[in-house]
Amino acid sequence: MFESTEHLELFTDMMSEGFIVIDNNGTIQIYNNKAKEIFGILHNQQISHLKGKINDGDIVIIGDNAVGKDDGGLDSESLEYIGVRDKRIREDDVLIAVGAYKDSSVKPVYICKGSDEVKNALKMETKFLGIDIKVVIDLVNKIITIEADGEKYSMNYVRYIGHLVILDRATKKMKFYQAQGYTARGEGLKDILDGKEYMAKGENSEFLNVIGKNVFEIHKGCKTIKEFYDVAKGENISYIDEFKEINGFPTMCTLIPVDKDGKRIGAALKVEDISEIKRVIRERDDALFNLEKVEKELHEEKMLKELFPNIIGESKKMNYVKKLALKAANTNSTVLILGESGTGKTLIAKAIHERSRGDKPFVHVNCGTIPDTLLESELFGYERGAFTGARAEGKKGFFEMANGGTILLDEIGEISPPLQVKLLQVLQDRSFYKIGGQEKIKVDVRVIAASNRNLEEEILKGNFREDLYYRINVFPIWIPPLRERKEDIYPLVEALLPAICEKVGCGRKTLSVEALNMLLNYDWPGNVRELENILERAVNLCDGNSIFSKHLVLKPNNNENFEISDIVPLKQSVAEFEKDTIKRTLKLHKGDKKKTMKSLGMSKTAFYERLKKYDIQ
Ligand SMILES: Nc1ncnc2c1ncn2[C@@H]1O[C@H](COP(=O)(O)OP(=O)(O)OP(=O)(O)O)[C@@H](O)[C@H]1O
């Protein structure tokens, strides 16, 4: 085709771009050094091995980021050669496998994961037939590294690649490793495992003579090369500097037809390696993506803070609760708020109501404090003369009062089984009968249920109906205890202290560092409510402007950091303890003073005297 090919070769080898010319049969006429470099055909700079082929018993190490893609067609048949017979392995999977070639006495070691299961990297470390082997498929930095007895063989890739190292079984020395340009050399994973001879590398390597070969032999199954060939055959396509992929390498190509005497005699392709540019672009894209993610998160946090100004705390866990609350506010579904006592269940329920039906009534029913005999009439109301002691004019129930708005059924786990059945009916069709009533009352009420009990456990114990549980558990929100989000303590103190000082009617007080440390080290069994109480007590106890640890009355068993400065007069400690115990026992007995006195073993006079002394209502 060209008379002076020698000169042409000389000139084209000086070019800084790859240059390939084929004739109209697809036979390579010119393939300059740069093109060989781009496609990995020049490989005398690498770790050496001789030419050869795989033998029975050889140790095979494979790292493949997408089985069957750009790895020379690795398939189940090739994997069987090393004893891997696993129908779960699919095309596109990320695979690391080590085995002995055609030696059924040796069990292979492998891991295979779906491409969506591997986030950043797949790794395997093993001792195989006495050799320390480590394989890492790093999907972030796009590099596969195979290490055998400390010797490393790495392969960078752009999209997909299959890496392979073969060790001689007898000497345990490397006899083949995969390197760029395997498509051009016809040394894909399948070729090698099928027993095809491979070329030498490093000092023993000879140049792969590509001149005179068919272009498809060097560049198998590649769209750009097919186009190149079509142009050489006579098609009229040409372009300048277009992004193309050849043998899996990102390149920038210029394609021109070569005509002589008005007849197509071939085509020329100029190729620029842009894998480095691609890598930089990818790094930039990753950085931009991360930046966008951070910005989005910051924006989201700011938005949540603005949407729920009363809910203090920006810990990850609390922001997640706020996100759920926002989602719940945008639906009409029944919401179940779970969490220990004092974590803010009522607060969240109110926030959901305010963002969804804020202009309508919000009715908070504490099912735990209303005696069971009364709860039914409180919830559903009664007609006049429904029972003795009923008001003559009858009464609207909480459901009716909440019509259009929200009803919060707090401590739902406390409701008795017969009432649970009635509640289930209301939740099913949002209608009910008043006690003694004939007329079905329909309401449009959003139900929010809350509980600090583990309702699933209550179901197992037979205390809570399973069908009611499923009815209320449509949109569950769990509020983590304060001890699991201690980063919220400081913002809570910052927000609560000024309000408490105002309520108590004193000037502003601040928390000393040691006092804050004490709060951070505490376990918070009573959560935010306990924090509020402790701060209020501290504000009352401290005369100056600074609250010190001695002003913080924490539950003794948790107060591990008890120091000299924490000591308060015994009389004061006893008084605090007495007050606390009476209040908690009263709460346990739902305000029943008789039962409280009895449980505490106190006389009536002593009990009422303490109630007065400690101003307990
Ligand atoms: N994240 C928060 N930001 C500000 N205040 C909070 C927060 N969480 C709780 N609180 C305050 O703590 C106190 C207890 O909260 P709330 O009554 O909502 O808890 P609860 O989980 O419903 O308690 P219980 O189960 O005992 O009824 C309230 O005064 C509430 O305002």
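The values are calculated or read from the model by the stated rules, or taken from the named source; none is laboratory data. Because the structure is a prediction, the values reported are computed rather than measured. We place every Cβ from the backbone using ideal geometry, glycine too, and count neighbours over all the protein chains shown.
Kindly check whether there is at least one residue in the range 153-175 that is out of contact with any helix residue (DSSP H, G or I) (no Cβ under 7 Å at 6 or more places or on another chain), farther than 30 Å from K263 by Cβ and not assigned by TED's automatic domain parsing to the domain that holds V94.
No, the range 153-175 contains no residue that is out of contact with any helix residue (DSSP H, G or I) (no Cβ under 7 Å at 6 or more places or on another chain), farther than 30 Å from K263 by Cβ and not assigned by TED's automatic domain parsing to the domain that holds V94.
Could we say that N527 is at negative phi and either more than 16 Å from the ligand (Cβ to nearest atom) or surrounded by 13 or more Cβ atoms within 10 Å (Cβ to Cβ) (or both) here?
No; evaluated as a whole, the condition is false for this residue.
What about R355, is it in the same structural domain as L326 (by TED's automatic domain parsing), under 37 Å from the mean Cα position of the chain (by Cα), assigned to a loop (DSSP other than H, G, I, E, B) and within 16 Å of the ligand (Cβ to nearest atom)?
Here the answer is no, as R355 does not meet what is asked.
Starting from residues that are hydroxyl-bearing (S, T, Y) and either in contact (Cβ under 8 Å) with a residue 12 or more places away in the chain or in a loop (DSSP other than H, G, I, E, B) (or both), keep the ones in the range 141-187 and report whichever is farthest from C112 (Cα to Cα).
That would be T171.
May I ask you to verify whether E376 is more than 30 Å from M303 (Cβ to Cβ) and away from the ligand (no atom under 12 Å from the Cβ)?
The answer is yes for E376.
Just to confirm my filter: which strands (runs of 3 or more DSSP E) fall fully inside the range 57-126 and include at least 3 residues that are over 25 Å from the mean Cα position of the chain (by Cα)?
The strands (runs of 3 or more DSSP E) meeting that bar are 59-64, 94-100.
Being closer than 21 Å to L482 by Cβ, more than 9 Å from the ligand (Cβ to nearest atom) and in a helix (DSSP H, G or I) is the filter here; which residues of the range 323-352 pass it?
Selection gives K323, L324, A325, A351, I352.
Provide a single number: the residues in the range 358-373 that are more than 35 Å from the chain's Cα centre (by Cα) and either part of a loop (DSSP other than H, G, I, E, B) or within 12 Å of the ligand (Cβ to nearest atom) (or both).
11
What residue, among those in the range 421-432 that are in contact with a Lys or Arg (Cβ under 9 Å, 6 or more places away or on another chain) and surrounded by 17 or more Cβ atoms within 10 Å (Cβ to Cβ), is farthest from T331 (Cα to Cα)?
F432
Given the conditions (1) away from the ligand (no atom under 16 Å from the Cβ); (2) outside the structural domain of G344 (by TED's automatic domain parsing), report the number of the one that R485 does not fulfil.
(1)
Here are the criteria: (1) buried (at least 16 other Cβ atoms within 10 Å of the Cβ); (2) basic (K, R); (3) out of contact with any helix residue (DSSP H, G or I) (no Cβ under 9 Å at 6 or more places or on another chain). Tell me which single one K244 does not satisfy.
If we test K244 against (1) buried (at least 16 other Cβ atoms within 10 Å of the Cβ); (2) basic (K, R); (3) out of contact with any helix residue (DSSP H, G or I) (no Cβ under 9 Å at 6 or more places or on another chain), just (3) comes out false.
May I ask you to say which residue of L460, L455, L423, L408 is under 26 Å from G342 (Cα atoms), among the aliphatic types (A, V, I, L, M) and in contact with a His (Cβ under 6 Å, 6 or more places away or on another chain)?
Unique residue meeting the criteria: L408.
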